[in-house]
Each structure stands twice: as structure tokens, then as C-alpha cells.
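Every number in this text was worked out from the coordinates using simple rules, so none of it is lab data. What you see is a predicted model; the values in this text were computed from it and never measured. Quick reminder, even Gly has a Cβ in these numbers, built from the backbone with ideal geometry, and neighbours come from all protein chains shown.
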């Protein structure tokens, strides 16, 4: 019984914190332009997520439950990053994908925030935060879960 409770607590914590990052992380060294410029271009929510490496609440964001066909583009640049063909319901409350459309458009960097080490996904051309990638995706589709923030994306319906 103890093992079952421990497993449930662990799963709950991974689900709750699986895509989160610390607020206010200094990303200025890697951004393609100054944060002040991004602040003029992005909405406050996009800025919080993409520049400050914030996260949106699970299950209360635009695309976690979107089942329409189309592509997900960067909210900052309009570059196509993910496809609905590669989206799946991970149960985490954030839009999850098995792979990016073009791996050259993203970059995975180490994120040591919040007392843990994770793989952060950033947009290669801008250095802006998109989400995280984990090794707990569908095994039959490569095993990756690209857990993205809806606020970093815009959906373009086919």
C-alpha cells in the first residue's frame, strides 16, 4: 500500500510540476534581442512564458485540449514548430508533442531551476523559452514528450 501511495504522489508531482520553470530567470544572455524589445512585441502572457521562462497553469491554457488539425507556430516569430499530427494527450494539462516539425528550429538546453535538472526547449533563432522535453512520451512514437506552453505558440488551422 505504501508503494502505491508513493507512486501516486510521485505521479502527481510530475504532473503538477512537469512543465514548470522558475519565474524571472535571467535569459538576457541568450535572447536574440533585448528583453525590452520582446516586451514591445509580445503580449504580457507571452513575455512571461517566453522571456521570463514562466509557465501557464495545466488544463487552463489554449491548446492542451485542442484536437483540430493544423500547425503550431512560435508566438514570437511565426515559425512552424509543431504539428497536430504529432500532438497527443499526455494527461499533464499542457499541449504535448512527440517531436518538432523541424528539429533545427528548436534547441534543448539544461534547466537547473526549481531544484531539479530538466531539458528546456527554446526556439533556436530567438533563445525564447517554449517548454520542456521529457523521456516519458509514447514508446511507439520515439518516447519523447515535448511539453509546451500554449502561450508560446499560436495555432493555425488547416
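Remarks
- Along principal axes, Cα extents of the stretch 28-123, largest first, whole Å: 35, 32, 28
- You can think of it this way: the chain between residue 109 and residue 62 has 14.4 nm of extra reach, that is 0.36 nm per residue less the Cα-Cα gap.
- Distant alpha-carbon pairs in the stretch 26-82 (separation over 13 angstrom), percent: 68
- By the Cα gyration tensor, the stretch 68-158 has an equivalent ellipsoid whose semi-axes, rounded to whole angstrom, run 19, 17, 11 from largest to smallest.
- Measuring r between the beta carbons of residue 141 and residue 36 and using R0 = 35 Å, the FRET efficiency lands at 0.30.
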